[in-house]
Amino acid sequence: MTVQQTSFEALTVDSLPHRLGRIGALAGRIGRDSAAWKVREVGDGNLNLVFIVDGPTGSVVVKQALPYVRLVGDSWPLPLKRSFFEYHALTRQEARAPGIVPQVLHFDEAQALIVMEYLTPHVILRKALIAGHELPLIAKDLGLFMARTLFRGADLAMPTRDRKADLALFADNVELCDITENLVFTDPYFEAAMNRHTAPQLDPVVAELRADRDLRVEAQRMKHLFAANAETLLHGDLHSGSIMVTGDETRVIDPEFAFYGPMAFDVGMLLANFWMSYFSQDGHEAAGPRDSMRAYLLGVVAETWAVFRAEFARLWRTERTGMLYHRSLFEDRGDMIGSEQALGAVLQSIWHDMLGFAGIEIHRRILGLAHNADFETIEDEDLRASCEAPALRFGRQITVARHKMHSIDEVNALAALIRGEVRR
Ligand code: SR1
Ligand code: MG
């Protein structure tokens, strides 16, 4: 029987069938005899419980928030309400970019749990990139996903009353924004208690970065933008661990950090993770050189950005129904040039902001609390540090000099140049 609990209780492998057995959407999909369900807890992220439930007729994923940060323990409380934001973000992402996020089968706000489609045989993109797999579709799929969700969630497209109501709803996701505000934008730039880095190998470059006044100023300018520019509904944590792939499908998961922020944040975080994968490939060459993988990754960066720009421009021309850059000022009076000029200015801002966010994401994954498996799985610490150090320098350059960079090819060339200096 289903227990209708109002007070939260974490699920266990043993209690799940009993507690969720009567949920029609779940039982209808995987089989009504919950005693026959097989349950595994597979969560390896920083925050939540994740169960795969296999029944006679199918499988589902059950994701449940815990009232604390799983990575750290109950000394760091975290509201269950993040599950509410994840559920609402998933519904909006499905409406704005259909077919990319997992289908939601059931949501229980009090128990902070979401039952959703089990993605199989998908694997986490980060693991695929570490293994050296070249996925052919990720750039196109993710470029489209970002353009559609970011454009369609903004005042460029939405009725302003709806957008303001949504802004108010997501404004309550305070604690998850607080994680980003501190862990991403602040902690890497001083000796914060939870920081760690590959030591002593990286000590000199870490000292150099923390002494870098221009970098600290620019990091805070990016934080200011993150906090103050409530432009669109973001995924909020769009790294390669929030993406699942097969050779012919790309899916985006885990939008619990969703909130209204600057468009460039999602784009910068994603490209940063591709660039980090690029720098980490030198640490994964035991089975052979990764030259082709490195070329592939820079290609993914360039294509993702190109697809994002092209789709954003298409939506600008065909779906600009919101109150910003109103057609009455441009197209309706025959001024196509003015509309294109405004589009160019908006894309230019996203470009520069994207670089700033990307540089900072790279820093926090090497210097902060939450590191990336791309580097962490390189066991030889000298080798790991020799991958991380150029990534740190690249991150510094694209943050501080972002307004002097004009094309994605130029930025990719900088990545190759900085990597080459270390390898020579
Ligand atoms: C304490 S949470 C650390 C990180 O895990 C999540 O995936 C986010 O990236 C967050 O910054
Ligand atoms: Mg996550």
For Glu208 and Arg423, extending 7 Å from Cα along the Cα-Cβ vector and measuring point to point gives, in nm, a value of 1.9
Can you list which of the chymotrypsin sites (Phe, Trp or Tyr not before Pro) found in region 178-281 are DSSP loop residues with at most 15 other C-beta atoms within 10 Å?
Phe190
Where a ≥ b ≥ c are the square roots of the eigenvalues of the C-alpha gyration tensor, would you call region 16-117 rounded, which needs a/c under 1.5, or, failing that, prolate if a/b is larger than b/c, or oblate?
oblate
Take Thr91 and Lys140, extend 7 Å from each Cα along the Cα→Cβ direction, and tell me the distance between the two endpoints in nm.
3.2
Using a cut-off of 14 Å between alpha-carbon atoms, which aspartates and glutamates can reach Lys38, once sequence neighbours fewer than 8 places away in the same chain are excluded?
Asp14, Asp54
Computed log₁₀ I(q)/I(0) - Debye formula, equal Cα scatterers, no solvent, region 123-423, q 0.08, 0.09, 0.10, 0.11 Å⁻¹:
-0.34, -0.43, -0.53, -0.64
Over the chain, what is the relative contact order in percent, taking alpha-carbon pairs closer than 8 angstrom and at least six residues apart?
17
Using the alpha-carbon centroid of each, what span in Å lies between region 289-310 and region 17-56?
37
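Read the figures in this text as sums done on the coordinates, not as results from a lab. A quick note: this is a predicted structure, and the numbers were derived from the prediction, not measured. Note that each Cβ is placed from the backbone with ideal geometry, even for glycine, and that neighbours are counted across all protein chains shown.
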